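Reading through the structure tokens given below for one structure.
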Ligand code: GLY
Ligand code: MN
Ligand code: MN
């Protein structure tokens, strides 16, 4: 990369970053295809169906802004990205179930593409670049698939059709001219490919780890540079700069949430009508939920801390309630543990801490029965993470969502399995829309210390979110940011992260 005076800016030697973007092996997607092939062959064998036909997917299309010619930055459709890793729009992809061969179909680009958008890549180039067996043009789909098919009658296509249980939207099965010359199966591919995405391969984990590393580093840079009087969007800007400058991450996993003061009780603050533009004041908490995406694979990290770098006792009370829940869940995670139990564990710890802090009164088990936890944490404890921030597969076929407040927001109710990556993101928020009715309700009013809770009316909220891999015997936290209050205070005061072994919070207190 050339610097202002023609000097190269070395990413690795920068004082702001110790990271370099890792190479992206296309083998990762070949491994994903092999895994799908094995699963789908097993499925067909179980139903005594012949092992032929094609897995067939349509990649994403480039879109313009409404009726204009402004082209939005393309990001590949996630299932297609998982199997083929293709960055360009307008592709189709097939996997021959009989032979295992992979075929990409590329759009036939007009000659002036080369003038406006760059060289038109040859089919041979695309075949090598994406490590597939064959590449043709999209106008050859019918001919090629008929030629390759070794069954009788019209070739069978397994298309992607199924519900995304987070959005309630359906994936769009592939469409192309001549599709009527094929038999279609809409039932097998979606559940099978979704389940393939739930368990991450080692190659996928390298990319999710990098997305976590660069995002963790960016969060720390933001913590160091924050100051009273700044605006929320400046925090977003610093994060975006860091992940792109040092991580080559052009996309985030989701729109940055940079909430301060009361805004931090708005769970998804930061959309277009809430544009991260508040000026923050001394005594505010910040809740920053920001994650980079690297070659499709994402991260989802939330840090909460006081903008002036020093926790008050009320801020410590709420922060430590959430941190205790976060740490207890991560310590309890291992294969076969129920995610619903983890959600309840987090709620119980938070309610217990609020009772210790005299915000609540009464028996915590009784509070749990009345679902008081959902008043302070209305969202689910976490979700699968991968190519999508809310990665699919949270509900297996036939699993119903729970009905109770809080639990009904869970994006999965499954038991944990080795190789899942799931966010652990407990929170505690003071949201009028939930608190006011709960404080009036005849079943829950008795639990509130009405006087003390008044102090927290404008507090906002705290969320602590890490991305956690389920291992054979436990879990591994892939996120690496300061979490203890004294660690945050030290890093905000300029200490390096990780803190030096010799760092002692007591000595630092005396010195200041
Ligand atoms: N950043 C969105 C979420 O935490 O789920
Ligand atoms: Mn999340
Ligand atoms: Mn998040």
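Tell me the residue from 73, 83, 19, 28 that is within 22 Å of the chain's Cα centre (by Cα), surrounded by fewer than 15 Cβ atoms within 10 Å (Cβ to Cβ) and in contact (Cβ under 8 Å) with a residue 40 or more places away in the chain, please.
None of the others qualify; the one that does is 73.
In summary, residue 267 fulfils each of the numbered conditions (1) away from ligand 3 (no atom under 16 Å from the Cβ); (2) touching a residue at least 60 places away in the same chain (Cβ under 8 Å); (3) part of a loop (DSSP other than H, G, I, E, B) with the single exception of condition (1).
For the range 418-439, the set of residues classified as assigned to a loop (DSSP other than H, G, I, E, B), more than 15 Å from ligand 1 (Cβ to nearest atom) and either more than 16 Å from residue 204 (Cα to Cα) or free of Cβ contacts under 8 Å to residues at least 40 places away in the same chain (or both) consists of 430, 431, listed by residue number. Only strands (runs of 3 or more DSSP E) whose full extent lies in the range 125-200 are considered here, and none of them has at least 2 residues that are in contact with a helix residue (DSSP H, G or I) (Cβ under 6 Å, 6 or more places away or on another chain) and under 21 Å from residue 46 (Cα atoms). Candidates in the range 358-381 are the residues that are touching a residue at least 60 places away in the same chain (Cβ under 8 Å) and within 15 Å of ligand 2 (Cβ to nearest atom); of these, the one that is nearest to residue 209 (Cα to Cα) is 379.
Among the residues of the range 265-284, just one is within 16 Å of residue 219 (Cβ to Cβ) and touching a helix residue (DSSP H, G or I) at 6+ places or on another chain (Cβ under 6 Å), namely 276.
Can you tell me which residue in the range 426-458 is nearest to residue 390 (Cα to Cα), limited to those that are touching a strand residue (DSSP E or B) at 6+ places or on another chain (Cβ under 7 Å) and more than 16 Å from ligand 2 (Cβ to nearest atom)? If we take residues in the range 426-458 being touching a strand residue (DSSP E or B) at 6+ places or on another chain (Cβ under 7 Å) and more than 16 Å from ligand 2 (Cβ to nearest atom), then 430 is nearest to residue 390 (Cα to Cα).
If you scan the range 406-425, which residues turn out to be under 14 Å from residue 390 (Cβ atoms) and either within 14 Å of ligand 3 (Cβ to nearest atom) or out of contact with any helix residue (DSSP H, G or I) (no Cβ under 9 Å at 6 or more places or on another chain) (or both)? Correct list: 409, 411, 421, 422, 423, 425. Scanning the range 244-264 for residues that are part of a loop (DSSP other than H, G, I, E, B) and either within 14 Å of ligand 2 (Cβ to nearest atom) or in contact with a helix residue (DSSP H, G or I) (Cβ under 7 Å, 6 or more places away or on another chain) (or both) returns 249, 250, 253, 254, 255, 256. Among the residues of the range 363-403, the one identified as within 15 Å of ligand 1 (Cβ to nearest atom) and not in a loop (DSSP other than H, G, I, E, B) is 384.
Any read-out appearing in this document is the output of simple, stated calculations on the displayed coordinates, not a laboratory observation. Everything quoted here is computed from the prediction, not taken from an experiment. Ideal geometry is used to build each Cβ from the backbone, glycine not excepted, and the neighbour counts take in all protein chains shown.
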